[in-house]
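Beneath this line is the structure, given in structure tokens, with notes to follow.
The values are calculated or read from the model by the stated rules, or taken from the named source; none is laboratory data. Keep in mind it's a predicted model, so treat the numbers as computed, not measured. As a convention, Cβ positions derive from the backbone with ideal geometry for all residues, glycine included, and neighbour counts pool all protein chains shown.
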Amino acid sequence: MKHPFGIIMDVMSMPVIKFGTEGWRGIIADDFTVANVRLATHAMALHLKEVNPPGQGVMVAYDCRAQSEIFAQTAAQVLSAYGFPVSVAPHPVSSPAAVYGMLSQKMQGCVMFTASHNPAAFHGIKFKPYYGGAALTDITLSIEKHLNTLLSDYERWTEPVEAGAPMQVFDPVPGYLDNLHQFIEMDLIQAAGFKIATDAMHGSGAGYLPALLTRIGCEVPALREERNPYFGGIGPEPMESNLHDLMRLVREQGAHAGIAVDGDGDRVGAVDEKGDFVDSHRIFAVTLKHLVEHRGWSGEVVKTFSVSRMIQRLCEHFDLPLTTTPIGFKFICERMLNGDVLMGGEESGGLGVKRYMLERDGVMMGLLLLEAMAASGKTLSQLVEEVFAITQPFHYRRIDAHFEREQMPALREQLATLSLNTVAGLAVERVDKMDGIKHELVNGSWLLMRASGTEPVVRIYAEAETPEAARHLAEEGERALRQLISGS
């Protein structure tokens, strides 16, 4: 997310609050506290009162992180005090399930407590407007305006409040699962007789894939289904370095594929029948090809700045319009709201289909991947090779370079002006600063460096024709960053 909101204490101990894409992320018990949750919820309630969106009431839900229930109850009380009927989930649910619950009950918004794929020390709030997608910039600016007003009387707006309007318990999961069963061609998956390994990564999407797949007779060996606020010491992001157990399980069980979802169930990763990791770019490409060829769908395709050129090549092949946006699903959602979008996706595994809903959903995308396998009679690795036959092979590498928090402001400034003439011995053909800084090289490979807005991390993305070349490019990028911060 480009400008996430966090709460930082200045020398006078007065919080400075910024509100960005969808909400706020902070460190539990440091800046993410019950008092500051109250403050943020007051701002969201004032926004809803001011704009009065369609619907009635607010959905409040939470993931498996530490103190999630406490934060959710705090927010529910504040919203109720403003007169909003509040529906509170009775247990951890995924972000897509919470959004579906809001849509199904025609509510005015959804407050979801999650820090998504961030490490266990983080918590956060996602605010989902009535249309069921990411909060757009005008909405987050409105909430930030109210936050800044409330800060003038910080003590008052962080005090406990008494509930006003009714609060009820509402479980969105059964309806969400039924909706998925209708959207996906489950009969095809059933006929294929798959064995599918799953990995919930200790997140709030636990149980969803096993429930849907065992319902149609699939065998589903499952990993990390139990709640663990520390995520077993592994970040709840479905990237290769975090999915070695799933890769091993696929091999040991002879499964047809493995599907993983992140901490709040809105991102996806996959493993093919050989036990090899399948990244989000390939999932995007395989499912896009399936939607065009099998379902006969068309429309605009939207990808964020860090997504593979495979998607560009596929769009050229199928004569589909393509839009590239800054990084963040809110930019994809904005296109979905305003145009005939077939599909949109980002590098981190957030993929969405407009005909489903305006929210990314890891469970839905995992099932869509299985539908593609079942419809084609091909293995996942064969489907990837079919994409490569159209686009040529592309290989991707990402490195998360960690720095001290106090180093980040200077590093962001230096990154904004960085311009390399060569990378890994290859001439730079073009520099693109849409979001971060991307060096496009003469042989078609590229290197992107972008500072995270929520963590003291610079993410380094590289794409090339071979795995070795992509790895080398990413490592060269990290070397350049270390030199930049050391001043040498």
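Within the range 228-236, the presence of a residue that is touching a residue at least 12 places away in the same chain (Cβ under 8 Å), touching a Gly at 6+ places or on another chain (Cβ under 6 Å) and outside any loop (DSSP other than H, G, I, E, B) is excluded.
Among the residues of the range 144-182, write down those that are in a helix (DSSP H, G or I), among the aromatic types (Phe, Trp, Tyr) and under 22 Å from Lys126 (Cβ atoms).
Selection gives Trp157, Tyr176.
Would you check if there is a residue in the range 267-280 being more than 23 Å from Ser376 (Cβ to Cβ) and either of a type in the set (Lys, Arg) or at pLDDT 95 or above (or both)? Yes - at least one qualifying residue is present in the range 267-280.
Between Ala40, Ala72, the distinction of being free of Cβ contacts under 8 Å to residues at least 60 places away in the same chain, in contact with a strand residue (DSSP E or B) (Cβ under 8 Å, 6 or more places away or on another chain) and not in a strand (DSSP E or B) belongs to Ala72 only. For the residues Ala401, Ala427, the requirement of being aliphatic (A, V, I, L, M) and touching a residue at least 24 places away in the same chain (Cβ under 8 Å) singles out Ala401. Applying the criterion of being farther than 22 Å from Ser241 by Cβ and among the acidic types (Asp, Glu) to the residues of the range 372-403, the residue that is surrounded by the most Cβ atoms within 10 Å (Cβ to Cβ) is Glu386.
Flag not set for Pro174, criterion: surrounded by fewer than 19 Cβ atoms within 10 Å (Cβ to Cβ), in the same structural domain as Val51 (by TED's automatic domain parsing) and either at positive phi or of a type outside the set (D, E, K, R) (or both). Is it the case that the range 367-380 has a residue that's aliphatic (A, V, I, L, M), modelled with pLDDT of 95 or more and closer than 24 Å to His472 by Cα? So far as the range 367-380 goes, no, none of its residues is aliphatic (A, V, I, L, M), modelled with pLDDT of 95 or more and closer than 24 Å to His472 by Cα. Of the strands (runs of 3 or more DSSP E) entirely within the range 321-412, those holding at least 1 residues that are acidic (Asp, Glu) and out of contact with any Cys (no Cβ under 8 Å at 6 or more places or on another chain) occupy 395-402. The set of residues from the range 243-269 being in a helix (DSSP H, G or I) and surrounded by fewer than 21 Cβ atoms within 10 Å (Cβ to Cβ) comprises His244, Asp245, Met247, Arg248, Leu249, Arg251, Glu252, Gln253. Entry remark, the range 270-298: residues being of a type in the set (Ser, Thr, Tyr), more than 17 Å from the chain's Cα centre (by Cα) and not in a loop (DSSP other than H, G, I, E, B) number 1 in total.
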